[in-house]
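Q: Take this structure first; my questions come after.
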Amino acid sequence: MAEKNIHSINSFDFDAWVKLARSDPAAFDRRRQEYLEGIIEKSRGDKARLRGMQWRIDMERRKDGTPLKTCLWISEMMWDSFHDLDTELHRIGQDHSAPAERANPPGAAGNSARVFSFAIRPAPPPGGNARD
């Protein structure tokens, strides 16, 4: 495997990783750990949280024994996290919109607006000034 910057997501060579995994699983695992640690180090996020998440993934890999089971577990974990985020965003949205809706229910006095129409002007010629 080329020794270019292994911590760059742009330099990830899938075929080289497959070849290494097939020819030397122990070396593959060491490189995988180095690669992941490099990505975590470059992250702007909470590094301790990312390391904790990676630890959970590594423990599932050991427990499940097959890549497919681990992949399914990771997918389920991501969907659970997405669902939790979606639920929280909806809760926050309801908390913020409810007082405004109670204070100004639709159709209440003071809930009107005057709409202005604007004529569409043709685009200026190339090189022309839009304010002419």
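Q: Give 36, 50, 85 a once-over and let me know the one that is of a type in the set (A, V, I, L, M, F, W, C) and either over 29 Å from residue 16 (Cα atoms) or more than 18 Å from the chain's Cα centre (by Cα) (or both). Give the derivation first.
A: Details: 36 fails: either over 29 Å from residue 16 (Cα atoms) or more than 18 Å from the chain's Cα centre (by Cα) (or both); 50 fails: either over 29 Å from residue 16 (Cα atoms) or more than 18 Å from the chain's Cα centre (by Cα) (or both).
Result of the check over 36, 50, 85: 85.
Q: If you scan the range 95-132, which residues turn out to be at pLDDT 75 or above and either surrounded by 10 or more Cβ atoms within 10 Å (Cβ to Cβ) or not in a loop (DSSP other than H, G, I, E, B) (or both)?
A: Start the filter on the range 95-132 by keeping residues that are at pLDDT 75 or above, which leaves 113-126.
Across the range 95-132, the qualifying residue is only 124.
Q: Any chance you could count how many residues in the range 1-19 are closer than 15 Å to residue 36 by Cβ and either among the polar types (S, T, N, Q) or modelled with pLDDT of 90 or more (or both)?
A: 4
Q: Another question, then. Take the conditions among the polar types (S, T, N, Q) and more than 22 Å from residue 36 (Cα to Cα) and apply them to residue 70. Does it pass?
A: No; evaluated as a whole, the condition is false for this residue.
The values are calculated or read from the model by the stated rules, or taken from the named source; none is laboratory data. Computed from a predicted model, the values in this text were never measured in an experiment. Reconstructed Cβ throughout: ideal geometry from the backbone, glycine too, with neighbour counts over all protein chains shown.
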